[in-house]
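First up is the structure itself, then whatever we jot down about it.
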Amino acid sequence: MDGNSRRREVTIAWVLLGFSVLYLVGSLRLEIGTTRNPGPGFFPIVMGVLLTVCTGIYGVRVIRKRTEAEKPAPAAAGKNYRALVAIIGSGISYPLILGTLKFVVSTFVVTFMMLYLMKSRRPFPCLLLALAMALASFMIFSRLLGVGLPMGPIEIFLFNLGG
Amino acid sequence: MWEISQNLIAGFGAALSPVYVLYALVGAILGTVTGVLPGLGPLGAMAILLSFTLSMDDTGAMILFAGIYYGAMYGGSTTSILLNIPGEAASVVTCIDGYEMAKKGRAGAALTVSAVGSFIAGTISILGLMFAVLFLSDVALRFGPAEFLAIGVCGLTLLVRLSGGSILQSLIMILVGMALATVGVDFLSGIERFTFGNLHLSQGIEFLPVAMGIFGISEVLITAEEKEYQQSVKKVKMRELMPTRREWKSSVPSMFRGSFLGFLIGLIPGPSPVIATFVSYISEKKISKHPEEFGKGAIEAVAGPEAANNAAVGGAYVPLFALGIPFTPAMAMVLGALMLHGLTPGPNLINQRADLFWTVVASMYLGNFMLVALNLPLVNVFVNILRIPKHLLMPTIVLICMIGVYSVNSSQLDLLLLAVFGFVGYILRSAGFQPAPLILAMVIGPMIETSLRQALNITGGNFAGIVCRPICMTLYIVTFLVFIISPAMNLFRRLRSRA
């Protein structure tokens, strides 16, 4: 295991443990009830305890793992991190801009971002392709399939195009 | 028997309507395409299309999903045999001898045997599905909360043992899934849990963005981070597709053995199509008069596993239709689609919606036939799908996922959940966690909680009264045995080697 993977595992272990503890604390605020008549907190408390124990054991295992293989990571060299940034960035920014920019513009923006960052460095073909995909997806999903998408002036114009 | 025949005829009548034939065809084609593409499996395809099933009726949605699942099994074998690339996990075993056959110029024969084997297996498993569901759903009508609790607990426990990864990691995933399932209004007391006063969260965490994120987006992320693949695609001529008489003779018994084995393994929780292929391969090798040919292009090693993975698909539908409990992640997607249409699968579904069950069964026959008819003549077309550049395919899939999730509730929060769970799924998978137990636990979790609380109410808080019922006890003992059998065998072997 390389240093990056180890760090990632340790981070995941801490995040899982944090989630478990928060969940357990949250479940303790709910009414437990009795075994005869279990309340809404009965099941979450059992889950919370089990989860905290399991993530605790996992954390200890990860931390106790030897740092034997903290060698440089050759596999990471072949990875396309731009693609990851493009997809995750688009996924997070899309809901944030959709309400303001409406469907066509926001879809165009995130599609361009993905196309540009994933492979091609020439912006013009990416712009054209992103525009085509945004318009085509609006026509397919809104007009053909009847999906309710956020509408602005562009969308209303496109929707009424051709009657 | 007469009633079954009548129902099946009625099912065929409905399944042959143009719309359902179209859904079966689209499902079969999409399934084959996802089976061909490495990285994007049937689960990802189902997750991506889950939201679009809302524009169909419930039967149409089921037909589409069945087509995708079967199609992926067919499609996966094509690239395994021709390119040594398993399109999805259940086709890994086919690579071993299928590709060796291709190197010897017998790719056409391997493809035909694989397609015919899949067809036979599909037909046998559909027959098995019909009878098993009818029998089990009849029995399940007599089940109480304790029995459903036992089935849920045993199903998840077996999943931990059989899902292949670390037991501790799978257990954590199950518990996280169960914890996520408790968010929202408790439907027995009406009290809000873990909602932080958010109206959206009071309805619970939506299954759709979580499933699409964890399976769809995370698969895209894993595929996208790898450098672009460029395949040299081999052509298969039509006249090469016919196996020789000797090849038929060797492969037909393997197809039947694989079918029965696959169906039985399909009933077990876990990645049944994958397990079925490995078990079939090992058993074929043990039975064979020429085990030395395995790994060098033995046709039985293609016929058996290919039949087994298709038969396992039929088997996986049994617990879902009969008990309303999905034992595989793909079935969790099917359950998700049913729930989106307001249906609750379980023993009552067969009585209340007999039309749905029989139409889906009939469409499975049709889908299988379509797949054989499509896959062999169009094998070169499907293989060429690998030529689509990844930097065009991946943004398109992400876009479809985002529009799909938004279309259900018109909620930007769902879109954010999709991105967050996509990233979480990617991180967890890259650290060796299996996301399937999380999704299954999210689906089964509410049933387990409700059953536990109802059972405790009925028995007056007596845990022994919940466990010590004949069906429950049997299930717990079987699960315990399955859980300890492998460590016990290891211990036994170690003790013997010391002695």
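The values are calculated or read from the model by the stated rules, or taken from the named source; none is laboratory data. Only a predicted model underlies this, so the values are computations on that prediction, with no experimental measurement involved. We place every Cβ from the backbone using ideal geometry, glycine too, and count neighbours over all the protein chains shown. Only protein heavy atoms, including side chains, enter the accessible area calculation; ligands, DNA and RNA are left aside. Shrake-Rupley method; radii C 1.70, N 1.55, O 1.52, S 1.80 Å.
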With respect to B:G190, determine if the residue is more than 21 Å from B:I48 (Cβ to Cβ) and more than 10 Å from chain A (Cβ to nearest Cβ). no
Search result, residues across the range B:441-499 that are in contact (Cβ under 8 Å) with a residue 40 or more places away in the chain and of a type in the set (F, W, Y): B:Y476, B:F483
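Okay, residues lined up against (1) modelled with pLDDT under 75; (2) in a helix (DSSP H, G or I); (3) touching a Leu at 6+ places or on another chain (Cβ under 7 Å):
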| residue | (1), (2), (3) |
| --- | --- |
| B:I63 | no, yes, no |
| B:A66 | no, yes, no |
| B:G71 | no, yes, yes |
| B:G87 | yes, no, yes |
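Does B:M447 satisfy the condition of being part of a helix (DSSP H, G or I), more than 23 Å from B:L168 (Cβ to Cβ) and either within 21 Å of the chain's Cα centre (by Cα) or aromatic (F, W, Y) (or both)? Steps first, answer last, please.
Working: part of a helix (DSSP H, G or I): yes; more than 23 Å from B:L168 (Cβ to Cβ): yes; either within 21 Å of the chain's Cα centre (by Cα) or aromatic (F, W, Y) (or both): yes.
When the stated conditions are applied, B:M447 passes them.
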Looking only at the range A:115-133, which residues are surrounded by 15 or more Cβ atoms within 10 Å (Cβ to Cβ) and either more than 9 Å from chain B (Cβ to nearest Cβ) or modelled with pLDDT under 90 (or both)? A:L115, A:Y116, A:L117, A:M118, A:K119, A:S120, A:C126, A:L127, A:L131
Based on what the data block shows, is B:I124 part of a helix (DSSP H, G or I), touching a Phe, Trp or Tyr at 6+ places or on another chain (Cβ under 7 Å) and within 20 Å of B:L241 (Cα to Cα)? no
When you check B:T459 against the structure, is it farther than 16 Å from B:L208 by Cβ, more than 10 Å from chain A (Cβ to nearest Cβ) and of a type in the set (S, T, N, Q), yes or no? no
Can you confirm whether the range B:201-221 contains a residue that is more than 14 Å from every other protein chain (Cβ to nearest Cβ), modelled with pLDDT of 85 or more and either surrounded by 24 or more Cβ atoms within 10 Å (Cβ to Cβ) or at positive phi (or both)? no
Considering only the range B:414-444, how many residues are small (G, A, S) and touching a Ser or Thr at 6+ places or on another chain (Cβ under 7 Å)? 4
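Does the range B:422-433 contain any residue that is within 16 Å of A:Y94 (Cα to Cα), open to solvent by 20 Å² or more (accessible area, probe 1.4 Å) and part of a helix (DSSP H, G or I)? Explain how you work it out, then say what you get.
The first filter runs over the range B:422-433 and keeps only residues within 16 Å of A:Y94 (Cα to Cα), leaving B:422-423.
Filter again for open to solvent by 20 Å² or more (accessible area, probe 1.4 Å), leaving B:423.
If we keep only those that are part of a helix (DSSP H, G or I) as well, we get B:423.
Yes, that holds for at least one residue.
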Would you be able to say whether some residue in the range A:85-92 is modelled with pLDDT under 90, at the interface with another protein chain (Cβ under 9 Å from one of its Cβ atoms), closer than 25 Å to B:V424 by Cα and not in a helix (DSSP H, G or I)? no
Counting only helices (runs of 4 or more DSSP H) wholly inside the range B:330-412, the ones holding at least 1 residues that are within 14 Å of another protein chain (Cβ to nearest Cβ) and in contact (Cβ under 8 Å) with a residue 12 or more places away in the chain are B:390-409
Scan the range A:122-150 for residues that are part of a loop (DSSP other than H, G, I, E, B) and within 25 Å of the chain's Cα centre (by Cα) and jot them down. A:V147, A:G148, A:L149, A:P150
